[in-house]
1. Is there a quick way to get the dipole size of the range 23-167? I mean about its Cα centre, with the Cβ of Lys and Arg at +1 and of Asp and Glu at -1; what is the value in debye to the nearest 20?
2. Positive end of the charge dipole of the range 24-121 (Lys, Arg +1 and Asp, Glu -1 on Cβ, about the Cα centre): tell me which of Trp109, Ala40, Ala69 has its Cα farthest that way.
3. Counting other Cβ atoms within 10 Å, keep those with at most 11, restrict to DSSP loop, and tell me which trypsin sites (Lys or Arg not before Pro) in the range 22-94 are left.
4. Over all pairs of distinct alpha carbons, what does the Kirkwood formula give as the hydrodynamic radius of the range 62-119, in Å?
5. With all pairs of different alpha carbon atoms counted, what Kirkwood hydrodynamic radius in Å does the chain show?
6. Beyond a 27 Å Cα-Cα separation, which of these cross-linked pairs lie in this structure: Lys53/Lys110; Lys70/Lys110; Lys29/Lys110; Lys81/Lys110; Lys37/Lys110; Lys43/Lys70?
7. Looking only at chymotrypsin sites (Phe, Trp or Tyr not before Pro) in DSSP loops with at most 11 other Cβ atoms within 10 Å, what is the longest site-free stretch of the chain?
8. Looking at the chain, which longest stretch skips every one of the GluC sites (Glu not before Pro) that is in a DSSP loop with at most 16 other Cβ atoms within 10 Å, leaving the sites themselves out?
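FYI, it's all coordinate maths here, none of it is from the lab. Owing to the predicted nature of the structure, the values given are computational and were not obtained by experimental measurement. Glycine gets a Cβ as well: all are built from the backbone with ideal geometry, and neighbour counts include every protein chain shown.
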Amino acid sequence: MTTAEVLLQDYDMEMGMTRRTLERVPEDKPDYKPHEKSMAMGKLTMHVATLPKFGTFILTTPSMDLTTAKWPEMTFSTREKLLADFDALAAEARAALAASSDADLAAPWKFSYGEHVLSNSPRSLAFRHMFFNHMIHHRAQLGVYLRLNDVPVPGLYGPSADEPFKP
């Protein structure tokens, strides 16, 4: 099994769970923040939904400088648009991953902010750490926002209070 084939198993599972979470985001609370230092729910939702684009960058470019990188629009408008954008970006990232050879995934990928190097590691590590883990972290934050707004939280890795196991 190639590295890409192993990563695709995780990718498909995580994208499915991310979509299930995004499907529940209320359209009427884009400005909701649980704390003054927190990101607004609309912005957090868009961050989660557009993170697959970051996965594509990792897999298809030699490096990324945050001072010059172009990113998808981050304004939440509707759940329908959010899901369409997520689906398109997730499909693009999946195709890039499926096309990646072991040599591609072993190649270094530099991530920087101007002259400050944030990471310079093999693509497979950057993909898992900077994309997967990053997305899972923010998806979990979004789950807290859902809970605080009385929106049912999906059971992702097992049951949730809203989706218990049923015998």
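1. Details: 16 positive and 17 negative charges, 51 e Å.
In total the dipole reaches around 240 debye.
2. Ala40
3. Details: sites: Arg24, Lys37, Lys43, Lys53, Lys70, Arg79, Lys81, Arg94; in loops: Arg24, Lys37, Lys70.
Hits after loop and neighbour filter: Lys37, Lys70.
4. Values: mean 1/r = 0.0722 Å⁻¹.
Answer for the range 62-119: a Kirkwood hydrodynamic radius of 13.9 Å.
5. Working: mean 1/r = 0.0595 Å⁻¹.
One decimal place: 16.8 Å for the Kirkwood radius.
6. Values: Lys53/Lys110 16 Å; Lys70/Lys110 16 Å; Lys29/Lys110 37 Å; Lys81/Lys110 32 Å; Lys37/Lys110 30 Å; Lys43/Lys70 17 Å.
Table pairs above 27 Å Cα-Cα are Lys29/Lys110; Lys81/Lys110; Lys37/Lys110.
7. Numbers: sites that count: Tyr157, Phe165.
No qualifying site falls inside 1-156, the longest such stretch.
8. Working: sites that count: Glu23, Glu27, Glu36, Glu73, Glu115.
Of all site-free stretches, the longest is 116-167.
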